[in-house]
Structures are given as C-alpha cells and as structure tokens.
1. Could you work out the relative contact order of region 29-150, using alpha carbon pairs under 8 angstrom and six or more residues apart, expressed as a whole percent?
2. Say R0 is 22 Å: what FRET efficiency, to the nearest 0.05, do D268 and A288 get from their beta-carbon distance?
3. Running a GNM on the chain with Cα contacts under 10 Å, which residue among Q56, Q269, Q326 ends up with the highest mean-square fluctuation?
4. What is the chain's relative contact order, in percent, from Cα pairs under 8 angstrom and six or more apart in sequence?
5. May I ask you to derive the FRET efficiency for K184 and A315 from their Cβ-Cβ distance with R0 = 41 Å, giving the value to the nearest 0.05?
6. Please compute the net charge surrounding S397, taking Lys and Arg as +1 and Asp and Glu as -1 over other residues with Cβ under 15 Å from its Cβ.
7. Around F267, what is the net charge, scoring Lys/Arg as +1 and Asp/Glu as -1 over all other residues with Cβ under 11 Å from its Cβ?
8. Would you calculate the separation in nanometres between label points at K195 and K390, each defined as 7 Å from the Cα along the Cα-to-beta-carbon direction?
Amino acid sequence: MKKVVVASVLAVAAGTAYYLPAALALEDDQSQGAQSSQITIKDPAEYNAYTNAVGQSAPAAKASAIEQFLQQYPNSVVKEDMLEQLMAAYEQSGQADKELDAANRLLQVNPNNLRALTIVVYMEKKATGDQAKLDDAATKAKAALAAPKPPSLSDAEYQKLKAATTPIFQDAIAADAAAKKDYKTAIEAYTAELKAYTDPAQTQAGPGLLATYNLGNAYVSQDPKDLVNGVWFLTRAAQFAPAGYKDQIEKAAEYWYKKYHGGMDGFDQVKALTQANLFPTDAYKPVAAPPPPSPQDLAHQAVTSTPDLKTLALADKEFILANGNQEDAEKVWAVLKDVTAEVPGTVVTATADSVQLAVSDDAKASQKADFTINMKTPLKDIPAVGAQVKYVGTFDSYTQNPPMIILKEGEAPAAAKKPAAKKPVRRTHGM
C-alpha cells in the first residue's frame, strides 16, 4: 500500500488580456504538499498508472496518459486531481476545446472547483454574441464567488487564488449584464472587478484597462446617464490605452465632458486626476452647464427680438403658437388670424371635406399632422397619404396641445394660366 500527495497545479499562460493570469498556478509541489490532504491509492496497478501519467513531461503525452488513466479508473480517489492536471496539460498544449471539456468534467466531480469554474467562465465569456454562454458564464461566476475554500489549500494559497479569479468572475457577470442592457448590475460588477485587483498596474493594461473603459461606457449608457462617473472612467481608460485606441476613447470622454460641462475648460485637470487615481477623488468636481433654454423661453426670445412679427417664417410662428406662453402666442395669432395663405405639406389624412398636413420638419419626421385644411367645397380628387400638396386657406383657429393650426375655406391653388399659342405666320411665295 502506497501513499500519494495530491499536487493540483494548473499552469496557465499570462501577460495579455487574452490569457488567464499566472497567479492561478499554485506554488511548487512541496509548498502545496505541506497543506494538502493525504490520499491513498490502494491498488498498485492504479498507483503505477497514476505515477506514469503525472510523470510525463510533454503536455500532449501527459494529457493522453491522464485520459487513459481516467478511462481505466473512472472512480479513482484522485479523479479530481487528475482532471485538474488534465486541464493544465491541455492548456500547455494549446488545446482550448479539450481544456474546456476537462473543466466541465471536473465540475461534475466538484461543482465548487475554482480552477474549473475559472476556465469555463473565462472561455464562455469570450464567446462573443452568444447570450446563452454569457448567461452560463455569469451563473457559474456567481457560484464561484460564493464557493467555500477547498480543504486542500492553505489560507494563503486560497487568498492568492481568490485574488486571481475574482476579477475574472466579476467581469463575466458585468459582461452578461451589459449585453442585456442591465447597466446597474454591470456597473456594480465592473466596479467590484476593479477593486479586486491587488496591484494598481493591473488596471492600466489588459483586462483591468478594458474593465475601466467598459465601466465608463456603462455609466453613459444607463438611463438616466451618469456623466460625471462616465467621464471619469472613460478619461482614465484613455490615459493608458494603446496608441491605436487612445484617441478614440479620449474623444468619447471629451464629448461627454462637454455635454455635461458645456465646454472643455478644466478637462486637462481631469486627465491629470485620472492618470493618478483609479476612482474619483474629492478634487473631481466638474460643474454642470446651465440647462438649455426651454421651448417657452425660446418662443419668448423670438417674439421680443422681432420688431414685426409678420416677418417671422411660418415655422417660427407655429413654434411660438405651440410652445409660447399665452401672451406670446396671442401676439403671433393676431398677425395670422383671418389671413389667407398658401400652405405646403405632406398629407397625413384626407377626406373630401378636410385634409390634415405635416408642415413643419418635426411634424414630417414624426408623420404627425400640425395643420388642418377644412375645404370650401368638397374635393373631387382626394390626395393620397404621403403626397406632397399645397392648399390655400384662411387661418381660423389653433390648439396648443396637441399643436394644430386650422384653416378654413381651403382650396387648391389656382392653376397658372397657359400662355396663348401664337398663330403661325403665313408665308407667301417670293418672300
């Protein structure tokens, strides 16, 4: 009867946003062995198969030997350990699909295995556009965050593993929420991801930098938008973005800053603050621009700044009637009432007795009528919806809500008379 120490080491690549962090690997076998459980393999043949499999140095050969071991001993006491080593072997040999399969098989043995959960969550999150996989990644990420400490790990090893995996899990939860436009949850998860990084440099490149950018986007995408926080994290992301992306991200930050503040003064100070700090500081207090004039204010400005209201364009008169206070609207109506004029527009509805037109640009864009022409005599040819027409009518009344100007005595414009045909000149012989 021989004893074997479980040595679960998941060797993973590191260095870019596209690979799992090296911190997922444990310390050397001795450091882990001091804290791990003692597992006994009673069958000498099984033990020999085990030592042969784990003793392989080439990743492909090791994966093949472990697969053979698991097929021969499907209920081995070291099954979980072997599946962990199988994931590592497939990772080292660049076989991502088989690594994912090994991780899913491991989760059937231990649903709380953090390394297996990390592999599945990480790979499913990369399946861009596949909401079902994103949902599953988020579900497994939440389970992983709540998983208990494995008994085989020391407290120090467990904290190291949690530090390496928590950002991955939070990022998956955030990505799933953002894809569903659940920006509140996305903001919470991206914030938790950034707080989970133990080294500030981790937020200046790779997944941490991407999370910073995504957090800024989530703030400006939610309803209502949080431009103060959105500007901060977009600006922060721009400070560390690679050259090919820096300009684009900074332009987005500038756009939202100007929209909130009304100008670009103070933005250089914001850039300096975000360069030095991951989260907003007390010194970051952008001032909101004054609100734009209300439609009623704009209508009043038009009335008070125009000496002769008759000179206003029809669209301006309509705007004042629809948005002005009672006094301003009555001043404009006084110059329109009982005036006969030609009104061009797009037919919204039409009968023989009445045609409703979209005349202003806004009315045409929304396909809503803002003029009603009540006919003097019934129309013989009723215009089709969408037709471009002109009618002559006399301004009769208006309503402010809904906005509608009503004309009476409507009729088609008088057709221009054709010039009389010239009589041919009679030519005589000899001329």
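1. Numbers: 110 pairs, mean separation 18.9, N = 122.
About 16 percent, as a whole number.
2. Values: r = 19 Å, r/R0 = 0.86.
Taking R0 as 22 Å, the efficiency between D268 and A288 is 0.70.
3. Q326
4. Values: 664 pairs, mean separation 31.3, N = 431.
The value is 7 percent.
5. Values: r = 41 Å, r/R0 = 1.00.
E between K184 and A315, to the nearest 0.05, is 0.50.
6. Values: positive: K317, K337, K408; negative: E318, E330, D338, D370, D396, E409.
With Lys, Arg at +1 and Asp, Glu at -1, the neighbours total -3.
7. Values: positive: K258, K271; negative: E250, E254, D265, D268.
Net charge in that neighbourhood comes out at -2.
8. Modelled inter-label distance: 6.8 nm.
Coordinate-derived values only; no laboratory data. Quick caveat, the model's predicted, so the values are computed rather than measured. Backbone-built Cβ (ideal geometry, glycine too); neighbour counts: all protein chains shown.
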